[in-house]
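*Asks:* Attaching a single structure in C-alpha cells format; questions to follow.
The values are calculated or read from the model by the stated rules, or taken from the named source; none is laboratory data. Quick caveat, the model's predicted, so the values are computed rather than measured. All Cβ positions, even for glycine, are placed from backbone atoms using ideal geometry, and neighbour counts span all protein chains on display. Accessible surface is based on the protein model in full, side chains and every heavy atom, while ligands, DNA and RNA are left aside. Shrake-Rupley method; radii C 1.70, N 1.55, O 1.52, S 1.80 Å.
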Amino acid sequence: MKKKGQVRHIGLARAISKFGYCSRSRAAELIRAGRVSLNGKIRRDPETPVSGKQNRIAVDGKLVEPQNKIYLMMNKPRGVLTTAADEQGRQTVFNILNDSSTARTTVKRVAQPWVAPVGRLDKASEGLLLLTNDSEWGAGIAAPETHLDNTYHVQVGTVADEEFVQALVRGVKAKDGEALRAKQARRLRAGEKNCWLELVLDEGKNRQIRRKMETLSVEVVRLVRVAIGPLQLGDLAKGKYRALTPDEKRMLDRAVGQSKE
C-alpha cells in the first residue's frame with residue numbers, strides 16, 4: 001500500500017505510454033535503441049523509474065507531452081488487419097484512420113497522435129472495434145476479468161436447431177481441450193442452407209467462436225461484432241469510424257467499473 005507522502009514511481013516505457021505517445025512495447029523499443037532521454041540523460045532500461053511531473057522525457061530530443069485522449073469506434077471491414085503494419089502490404093485499420101474521407105464525422109486524421117486497437121478482430125472478422133491512445137483505459141476494457149459482454153452476429157453454414165443453440169451455451173471442448181461456451185445464444189433468422197446466430201461472450205478467449213464452430217464441424221461464413229458491452233455498432237457504415245460520444249464513453253466506463261461518477 002502506498003504510504004502518505006510517498007511518491008509513486010512507474011517504469012519509463014509505461015510513462016511514455018500513459019502520455020499517449022505510443023504503446024508500451026514500442027516505447028520499450030525506443031528506449032533500448034537509445035532514443036529516449038530522462039532529464040537530459042539517455043536511458044536504455046524500459047523500467048527506469050519515473051515519478052510523475054518531476055521528470056522530463058524526450059524522444060529523439062523532442063519533449064514528450066501528454067496527448068489529448070482519443071476514443072474511437074470503427075466498423076472494421078472483413079479482410080482488414082488490426083496490426084500497425086503488414087510485411088505483405090495488406091490493408092490495416094491504420095490505412096483507414098489515415099484516410100480522412102473514412103471519418104463519418106469531424107474526427108481529424110489520427111495518424112498523430114498514436115492510437116491502438118482495444119483487443120482484436122481477426123482478419124476474416126468484421127464489425128465494432130475500439131481504438132484509443134489511453135492505454136490504461138483500453139487495457140481495462142479488454143481485461144478478461146471484467147467479463148464485459150461482446151455480442152456477435154454469426155452466419156454459419158448450417159440451419160441450427162434449438163439443440164445446436166443450447167450446445168453453444170452449455171459449451172464444447174475445443175481440439176486443444178479448452179472449454180468454450182457462450183453466455184447467451186439465439187437464432188436470428190434462417191435460410192435453406194445457413195442461418196444467422198447471435199452469440200454473447202464474456203470470456204476473452206482467442207478466436208473462440210471460430211474454434212467452437214470448427215469443433216462442431218460447422219463453417220463460419222461471416223462473423224460480425226455488433227456490440228461491446230452497452231456500446232452498439234448501430235448504423236456506422238463499413239470502413240468508417242467516429243469518436244465516441246461522452247455518453248458512450250461513460251457507459252463503457254460504468255460497465256467495467258472505471259467510472260469516476
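*Asks:* In deg cm²/dmol and to the nearest 500, what is the mean residue ellipticity at 222 nm of the chain if only DSSP H runs of at least 4 residues count, each as -39500 (n - 2.57), divided by the residue total?
*Replies:* For the chain, the value works out to -6000 deg cm²/dmol.
*Asks:* I'd like the distance separating the alpha-carbon centroids of region 35-57 and region 153-186, in whole Å.
*Replies:* Cα centroid of region 35-57 versus Cα centroid of region 153-186: 49 Å apart.
*Asks:* Follow-up question, since we're still on this one. Just to be sure I understand: of the beta bridges DSSP finds with both ends in the chain, what percent are antiparallel, rounded to 5? Let's see the in-between values first.
*Replies:* Numbers: 45 of 49 bridges.
Among the beta bridges of the chain, antiparallel pairing accounts for roughly 90 percent.
*Asks:* Let me ask another. Below 13 angstrom from the Cβ of ARG170, what's the summed charge of the other residues (Lys, Arg +1; Asp, Glu -1)?
*Replies:* Net charge in that neighbourhood comes out at +2.
*Asks:* Any idea what % of Cα-Cα pairs in region 219-261 are farther than 13 Å?
*Replies:* Tail fraction, whole percent: 63.
*Asks:* Let me ask something additional. Taking the Cα centre of region 176-248 as origin and charging only Cβ (+1 Lys, Arg; -1 Asp, Glu), how large is the dipole, in debye to the nearest 20? Display every interim value, and only then the final one.
*Replies:* Numbers: 16 positive and 11 negative charges, 45 e Å.
Magnitude of the dipole: close to 220 debye.
*Asks:* Report the FRET efficiency, 1/(1 + (r/R0)^6), for ARG189 and SER25, where r is their Cβ-Cβ distance and R0 is 41 Å, rounded to 0.05.
*Replies:* E between ARG189 and SER25, to the nearest 0.05, is 0.45.
*Asks:* Taking the solvent-accessible surface of protein heavy atoms with a 1.4 Å probe, what is the per residue accessible area of the chain in Å²?
*Replies:* Ligands and nucleic acids excluded, the result is 56 Å² per residue.
*Asks:* While we're here: Report the one residue of GLY234, ASN150, GLY204 whose Cα lies farthest in the direction of the positive end of the charge dipole of region 89-238 (charges on C-beta: Lys and Arg +1, Asp and Glu -1; origin at the Cα centre).
*Replies:* Value computed over the given set: GLY234.
*Asks:* Once Lys and Arg get +1 and Asp and Glu get -1 on their Cβ, which of PHE164, ALA139, VAL218 lies farthest toward the positive end of the dipole of region 137-220?
*Replies:* VAL218
*Asks:* Got a number for carbon plus sulfur as a percent of the chain's accessible area, 1.4 Å probe? Please report the intermediate quantities before stating the final value.
*Replies:* Values: 6810 of 14560 Å².
For the chain, the apolar C and S fraction of the accessible surface comes to 47 percent.
*Asks:* Based on the Cα atoms of the chain, what semi-axes does the equivalent ellipsoid have, where each is the square root of 5 times one gyration tensor eigenvalue, given in whole Å with the largest first?
*Replies:* Equivalent-ellipsoid dimensions as semi-axes: 38, 21, 18 Å.
*Asks:* Output ³J(HN,Hα) for region 237-253: one whole-Hz value per residue in order, computed from phi by the Karplus curve 6.51 cos²θ - 1.76 cosθ + 1.60 with θ = phi - 60°, and x for Gly and Pro.
*Replies:* With coefficients 6.51, -1.76 and 1.60, one gets 5, 4, x, 10, 9, 7, 6, 5, 6, x, 5, 5, 4, 5, 4, 5, 4 Hz.
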